[in-house]
Number of protein chains: 2
Amino acid sequence: MRKIPAPLSEFDLIAQLFAPMAGEGALGLLDDAALLKPSPGTDLVLTKDALVEGVHFFPDDPPASIARKALRVNLSDLAAKGAVPKGFLLALGRGARQDDAWLAAFAAGLAEDSRAYAVPLLGGDTVKTGQAFFSITALGEVAAGRMVMRQGGEVGDFLYVSGTIGDGALGLRLRLDSSADWVKRLQPEHRAYLDDRYLHPQPRVALAPALLAHARGAMDISDGLVGDGDKLAARLGRRFDVDAVPLSPAVRAAIALEPSLLDVALTGGDDYEILAAIPPENAVAFEERALRSGVPVTKIGALSPIDSGAEWRTRDGLIRDFVCRSYRHF
Amino acid sequence: MRKIPAPLSEFDLIAQLFAPMAGEGALGLLDDAALLKPSPGTDLVLTKDALVEGVHFFPDDPPASIARKALRVNLSDLAAKGAVPKGFLLALGRGARQDDAWLAAFAAGLAEDSRAYAVPLLGGDTVKTGQAFFSITALGEVAAGRMVMRQGGEVGDFLYVSGTIGDGALGLRLRLDSSADWVKRLQPEHRAYLDDRYLHPQPRVALAPALLAHARGAMDISDGLVGDGDKLAARLGRRFDVDAVPLSPAVRAAIALEPSLLDVALTGGDDYEILAAIPPENAVAFEERALRSGVPVTKIGALSPIDSGAEWRTRDGLIRDFVCRSYRHF
């Protein structure tokens, strides 16, 4: 890595670390504002998620991982709307721990994902604070009038979820309960998998075209499947098949060691998977398109009339209840 | 004011305090993302400025004032680009001091400015932190290809500044040096004026059409006129007439009591006025249009060849130098 002379001024910080990942519309990060030329016939989709040190990441997490997570949680929101990412802005709250080497590593991780997802930096702000934060606004485009709404969906639509559920929540729990019996007994490769899933969410950008083509409604699951599952087409009821929820081998292994972890997986958050309402007549086409895009999807339930509420049923007929349905921010 | 039951959950906070100022594209703040339909024939202008407790505002500043400043510093950037504000997103970092009453007052101030400047809330994020922060992304529109660039301007262009310079910097100094002799001797109405100018910057939104019509380059002055004055059309030199810089009666009175405050006024920041490069042939039209828009503008210099550097000259022929040209963020 190129040696960075310390300490960097705000100007140098921007010029050396962030300008290399800036897009054309960023004007070299030397103007008051960025410029984005909307593609004709598109709507703009905007999302903003902030990460705070000690709240959304551990102070000793690798800076590159924090950067990638900060960007990816926003890309996850855009994907859920069927949007193609076009750029992002970053407010960087530099805390006491964020020395120049830390920031260089952060910028390197951000640049890597900026390239990987073809989403340039457009602008932002760097400020001093005690407890670091990273607030990203991401912008995407979608064909005019076609954004996939969270409140879309009709009675009878199948509920699909991408990927596997609970990996991030158990990855976090690994860190918090490191002396727990199940953590010690879990195989090292399962621990590594869960840890990676917590640190590096996989925004389902590749699924966006399938959602745009086939979904009546969709959302990003970030605060736990059970709680977030109440929010899709919230004017309707829904039935979920607990046993259909896709779980990774690592999560299955953890639950085998400690059965209470099933609830953690279903309500813990940090999934960054997509929950979508797919009309039955689109189900086959959606599954095929998702398969071609490389994103596994699983049918886990269906929307129902409002009076049926939100029902989580196991295959042996039990109805599950959850004390805490989702992650609470405060 | 309506009684707010405490403590508010994130959901209630959004529904009760922020949804009332949400625009149509905010989708009730109930989706993963916001929707913005760009007007045909326009470019999008994006800016992002964050305010941190104890850095950009005092912990005991009125919450409504903090909210208004957080929005206004972003509107100031849009105005400098000739853009019409269309909406904003807010990341709200709720610190230890921000109880529900505090947040209700913050939201009330934000709602007031959201109405006053016709700029709806589109979305955002609320997170928990120790030291509060407010990161706003504002979006504006400008006719395609017409954004007023910071790097615009040619040799011979006049340099104009809006409003008066140094009010915010001396307002801040009042707070920091409250026992200084000049503070005690300054008339109460001057103290009140400076304090208000520090707390409530006036974004020059009304000047945007005049800039769009007549300016070759423009920028927002936030880190001090002298330092920011180096950044407009940075590939050129510039001459400034120190004695032409518009100062308010309050700043003049303060400088009369303490002459060193002139440098504070010129380099201290927190002006949120506009510096613009106006071709001489447009000068009369620009002044007239600015007058009609209710924003005073003053000619304070001109762009010159690069080899002349940045020269600050007084009317008795002295060349001024400044030890510290602008506010340093870190």
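Side notes on the structure shown:
- B:Ser308, A:Ser178 arranged by Cβ crowding within 10 Å, fewest neighbours leading: A:Ser178, B:Ser308
- Counted by neighbouring Cβ atoms within 10 Å, the residues A:Phe88, B:Phe286 run from fewest to most as B:Phe286, A:Phe88.
- Average other protein chain Cβ within 10 Å of Cβ, residues A:142-149: 3
- Amide hydrogen proximity for A:Trp312: with H placed 1.01 Å from N in the peptide plane, the residues at 5 or more positions away or on another chain lying under 5 Å are A:Phe240, A:Arg320.
- Per-residue HN-Hα couplings for region A:39-54 [Karplus 6.51, -1.76, 1.60; θ = phi - 60°; Hz; x = Gly/Pro]: 5, x, x, 10, 9, 9, 10, 10, 9, 8, 10, 10, 10, 10, 4, x
- Label distances, nm, A:Ala234 versus same residue in remaining copies, Cβ-directed 7 Å point: 4.5
- For A:Lys128, the amide hydrogen comes within under 5 Å of the amide hydrogens of A:Arg94, counting only partners 5 or more places away or on other chains and with H modelled in the peptide plane.
- For peptide B:39-47, the mean count of partner chain Cβ atoms within 10 Å of a residue's Cβ comes to 6.
- Order by protection proxy (mean Cβ within 10 Å, highest first), peptides A:229-236, B:266-273, A:146-153: B:266-273, A:146-153, A:229-236
- Using a 7 Å Cα-to-Cβ projection, B:Lys184 label spacings across copies, nm, ascending: 6.8
- Backbone HN-Hα couplings from phi across region A:20-30 [Karplus 6.51/-1.76/1.60, Hz, Gly and Pro as x]: x, 9, 7, x, 4, x, 6, 6, x, 6, 10
- Residues B:Leu303, A:Leu122 arranged by fewest to most Cβ contacts within 10 Å: B:Leu303, A:Leu122
- Taking every residue in A:65-73 and counting other chain Cβ atoms within 10 Å of its Cβ, the average works out to 0.
- Helix screen, chain B: DSSP H segments with Cα axial length of 15 Å or more and mean Kyte-Doolittle hydropathy at least 0.0 are B:63-80, B:100-116.
- Restricting the calculation to Cα atoms, region A:103-248 yields a radius of gyration followed by a Dmax of 18.6, 53 Å.
- Kirkwood-based Rg to Rh ratio, chain A, C-alpha trace: 0.99
- Relative contact order, percent, chain B [alpha-carbon distance under 8 Å, six or more residues apart]: 22 percent
- Using the rule -39500 (n - 2.57) for each DSSP H run of four or more residues, divided by the residues of the protein assembly as shown, the 222 nm mean residue ellipticity is -9000 deg cm²/dmol.
- Distances between equivalent label points of B:Ser9 across the copies, with each point positioned 7 Å along Cα→Cβ, amount to 4.9 nm, shortest listed first.
- Simple spin-label estimate for B:Arg315 and B:Asp181 gives 2.8 nm between the two label positions (7 Å along the Cα-to-Cβ direction from each Cα).
- Relative contact order [Cα under 8 Å, 6+ residues apart], region A:10-143, whole percent: 41 percent
- Values of log10 I(q)/I(0), in the order q = 0.12, 0.14, 0.22, 0.23 Å⁻¹, for region B:52-132 under a Debye, Cα-only, solvent-free model: -0.34, -0.46, -1.08, -1.16
Here, each number is a calculation from the coordinates, and none is a lab measurement. In this text the structure is predicted, and so the values were computed from the model without any measurement. Neighbour counts are summed over all protein chains in view; Cβ atoms, including those assigned to glycine, are modelled from backbone coordinates with ideal geometry.
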